[in-house]
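Below you'll find the structure, written out as structure tokens, and then a few comments.
The values are calculated or read from the model by the stated rules, or taken from the named source; none is laboratory data. Remember, predicted model here, so these are calculated numbers, not experimental data. Cβ atoms come from the backbone with ideal geometry, glycine included; neighbour counts cover every protein chain shown.
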Amino acid sequence: MRAQAQPPAVPTTRSVFHLAWPLTLKSIMLHGIVVIDGWLVSSLGEGAVAVLGLSASIAGLLIGLIVAFSNATQIRIAQAFGSGDRAFLKSALLSGLTINLGVVTMGLALLALFAGPLIDGLAHNAEIASGARAYLSIFAVVILSEAVGHCLTGHFNGCGETRLPALSYMMAVPVNIAVSVVLIHGHLGAPDLGVTGAAIGSAIASVIQVGFLAGLLLYRNRTLLRVPGWRNGTYAASLRRHFTFSLPIAATFGSATIAMSVCGLLYARLPVNDFAAMTIIMPWVQVVGTFGMCWAQATGIHIGQMLGRSTAAEVLDRFLLSAWRTSFVASGLVAAIYTGICLASPWIYPELHPDTRATLLSFLPILIFLPFPKGSNAICGNTLRAGGETLYVMHIFVWSQWLFRVPVTAAAVLWLDASVTVVFALVLAEELIKFAPFHLRLRQGHWRSGRMED
């Protein structure tokens, strides 16, 4: 892998696809960990699904922050790769890794202090609380592994090597499934651990995945770590600059993840069957939605590389229009898959209560429309970030979440006793609120002249 190996000046739809499909595969498998665990434990009943939902909401807070800083690292690496500056590339990688490890260390300390009381206050009963505590204690290994793994993934993605992170998940997911099946149900003489077995399967798989990526980096690109010099003169200065650039992006993704987790904790106040339905459908929204999100992410990687090469504004516009048109095709595919999932829910989850399956079917009209504004917003967000407009994107996300979605969800669940379908519809309402400010800002075109150090 060489930073000087430049992609074509004007990426084609094919080149975006070659970046996007491994991103999609990797994201499906990443989000699929929760879907797989949910499917495997669904045979144990709504109580087990509730344990998983409560645990995932809490762990998701920290995983989301790791993903947030890693996305910022990915943008910096894409810019460095486009510029051909290997000192910049080394600085972005090591700064990103340092920040991720610092975030996860502080996050795990906070989980140790506050997760227990939070679980006790939200769980429907003592059995669910005990199961969630056990799941989180083991899932901490996954969180630590993802801190390293997401940074390495951002490095490979930013350099255009998106197939390598996808390959690492292709190795890890079968291990996750096999170990989880054995430990959840006590097959092959193993103990019957229930939901805790799913956490162990995820932990083993994540360690394998990160080990593969780390070995691959050392084997393919070890000379990068010996490149003399730093982007901003010293390691400390480069770290500060990287953190300054990353903070608005991390705040954007972190706000989204925290808002989602807070909403997930609010969903825990719904009746058990309704909460189980939300626990099942939300990971599907993330998994299937990656078709559109990863197309937007691949578009952002190309935009970052093109800006690193100081590509002309008219060339940027031509590329973006082509990528945008294809994103609507991806949104249509996502809507079709959502339809299939809802219609097939009696066969996918035969052990669930009929009321839970009926609730899943009631989500269908929302799911059909959701991918289109969400996909278009994602194209805008990734393009604006690559062009340096990270603060503007942050404000759109933060205010739409904390002035609308979170308080309205709280009101609907805690005071208005709204139906679970209305509560789920707030996911779509948030995307509609973000639509105008995203698209108006993109049309203004300030991102086309954004400098990498702005």
| task | From the list F397, F424, F404, pick out the single residue that is at pLDDT below 90 and touching a helix residue (DSSP H, G or I) at 6+ places or on another chain (Cβ under 9 Å). | result | F397
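So that you can scan it fast, the table gives a plain yes or no per residue for (1) assigned to a helix (DSSP H, G or I); (2) buried (at least 20 other Cβ atoms within 10 Å of the Cβ):
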{"position": "S310", "(1), (2)": "no, no"}
{"position": "L367", "(1), (2)": "yes, yes"}
{"position": "C380", "(1), (2)": "yes, yes"}
{"position": "W402", "(1), (2)": "yes, no"}
| message | Take residues that are acidic (D, E) and surrounded by fewer than 18 Cβ atoms within 10 Å (Cβ to Cβ) and tell me which of the helices (runs of 4 or more DSSP H) falling wholly in region 163-272 contain 2 or more. | response | none
| said: closer than 20 Å to I138 by Cβ and either outside any helix (DSSP H, G or I) or among the hydrophobic types (A, V, I, L, M, F, W, C) (or both): is that true of A87 in this structure? | reply: no
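Per-residue answers, yes or no, for (1) closer than 30 Å to R318 by Cβ; (2) buried (at least 19 other Cβ atoms within 10 Å of the Cβ); (3) of a type in the set (K, R):
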position: C342; (1), (2), (3): no, yes, no
position: P354; (1), (2), (3): no, no, no
position: A429; (1), (2), (3): no, no, no
position: R443; (1), (2), (3): yes, no, yes
| said: Can you report the number of residues in region 186-209 which are without any contact (Cβ under 8 Å) to a residue 12 or more places away in the chain and over 15 Å from S137 (Cα atoms)? | reply: 7
| R441: assigned to a helix (DSSP H, G or I), more than 30 Å from G340 (Cβ to Cβ), at pLDDT 90 or above and not hydrophobic (A, V, I, L, M, F, W, C), yes or no? | yes
| query | Which number in (1) more than 27 Å from R76 (Cβ to Cβ); (2) modelled with pLDDT of 80 or more; (3) not hydrophobic (A, V, I, L, M, F, W, C) marks the one condition that T153 misses? | reply | (1)
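Every residue, every condition in (1) closer than 21 Å to L152 by Cβ; (2) in contact with a helix residue (DSSP H, G or I) (Cβ under 8 Å, 6 or more places away or on another chain); (3) among the basic types (K, R), yes or no:
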| residue | (1), (2), (3) |
| --- | --- |
| T223 | yes, no, no |
| R240 | no, no, yes |
| T252 | no, yes, no |
| L265 | no, yes, no |
| T279 | no, yes, no |
| H302 | yes, yes, no |
| message | Looking at region 99-113, I want the residues that are in contact (Cβ under 8 Å) with a residue 12 or more places away in the chain and assigned to a helix (DSSP H, G or I) and have a partner that is exposed (fewer than 15 other Cβ atoms within 10 Å of the Cβ) and charged (D, E, K, R) with Cβ atoms under 6 Å, at least 6 apart or on another chain. Which pairs are those? | response | none
| task | Would you point out the residue of region 404-423, among those that are surrounded by fewer than 22 Cβ atoms within 10 Å (Cβ to Cβ) and not hydrophobic (A, V, I, L, M, F, W, C), that is nearest to the chain's Cα centre (by Cα)? | result | R405
| said: For region 382-391, which positions are assigned to a helix (DSSP H, G or I), surrounded by 20 or more Cβ atoms within 10 Å (Cβ to Cβ) and over 18 Å from the mean Cα position of the chain (by Cα)? | reply: L384
| message | Just to be sure I understand the filter: pairs with C-beta atoms under 7 Å, separated by 6 or more residues or on different chains, first member in region 299-319 and farther than 16 Å from R14 by Cα, second member surrounded by 24 or more Cβ atoms within 10 Å (Cβ to Cβ) and of a type in the set (S, T, N, Q). Which pairs pass? | response | G304/Q79; L307/Q79; G308/Q79
